[in-house]
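Okay, structure first, notes after.
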Amino acid sequence: MVIQVTETAKKHIESLAGSEPAIIRLAYDSEGCGCGVNGLPALWIVSAKETDDVEIESNHLHFIIHRLQAVFFEEHLYLDSEKNYPSFRLTGDGQLYGQNIRLVDKR
């Protein structure tokens, strides 16, 4: 899996992460969505990789995903944001995953 991050999104993430070490987790959040296959893409700042996490190749930053959640996403992803707008847009080659994805600090 690969995430291409625009320069605008990179700067936005770095400003939200601050000076502490940060790993960005791409998650398929099914909390409160009914069952495990109903969910929404999420971006979380975490401090460490867990046992079942795998690295996501990226041109910027350090991304991970739980190995079982990777099935919900395409192989090539694109992360963008707009200047002065508080959320992110995640797309793939074949679909839009979300255009109002918040980055939540879970450290």
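The values are calculated or read from the model by the stated rules, or taken from the named source; none is laboratory data. Everything numeric here is computed off the predicted structure, so don't read it as measured data. With ideal geometry, Cβ positions are generated from the backbone for all residues, glycine too; neighbour counts draw on all protein chains shown. Surface accessibility is based on the protein's heavy atoms, side chains included, excluding ligands, DNA and RNA. Shrake-Rupley method; radii C 1.70, N 1.55, O 1.52, S 1.80 Å.
Here residue 90 fits the description: touching a Pro at 6+ places or on another chain (Cβ under 7 Å) and hydrophobic (A, V, I, L, M, F, W, C). Can you find a residue in the stretch 13-35 that is of a type in the set (Asp, Glu), in contact (Cβ under 8 Å) with a residue 40 or more places away in the chain and assigned to a strand (DSSP E or B)? Taking every residue of the stretch 13-35 in turn, none turns out to be of a type in the set (Asp, Glu), in contact (Cβ under 8 Å) with a residue 40 or more places away in the chain and assigned to a strand (DSSP E or B). In the stretch 88-105, the condition of being of a type outside the set (Gly, Ala, Ser), touching a residue at least 40 places away in the same chain (Cβ under 8 Å), in a loop (DSSP other than H, G, I, E, B) and open to solvent by less than 30 Å² (accessible area, probe 1.4 Å) is met by no residue.
Among the residues making up the stretch 42-69, those that are over 24 Å from residue 96 (Cα atoms) and among the hydroxyl-bearing types (Ser, Thr, Tyr) are 47, 51. Filtering 56, 65 for residues that are open to solvent by less than 30 Å² (accessible area, probe 1.4 Å), part of a strand (DSSP E or B) and under 14 Å from residue 5 (Cβ atoms) leaves a single hit, 56. Within the stretch 70-81, restricting attention to residues that are touching a strand residue (DSSP E or B) at 6+ places or on another chain (Cβ under 8 Å), open to solvent by 50 Å² or more (accessible area, probe 1.4 Å) and not in a strand (DSSP E or B), the residue that is farthest from residue 3 (Cα to Cα) is 72. Selection of the stretch 12-40 for residues being over 20 Å from residue 59 (Cα atoms), open to solvent by less than 40 Å² (accessible area, probe 1.4 Å) and modelled with pLDDT of 90 or more yields only 28. Being open to solvent by 20 Å² or more (accessible area, probe 1.4 Å), in contact with a helix residue (DSSP H, G or I) (Cβ under 9 Å, 6 or more places away or on another chain), basic (Lys, Arg) and assigned to a loop (DSSP other than H, G, I, E, B) is a description that does not apply to residue 49.
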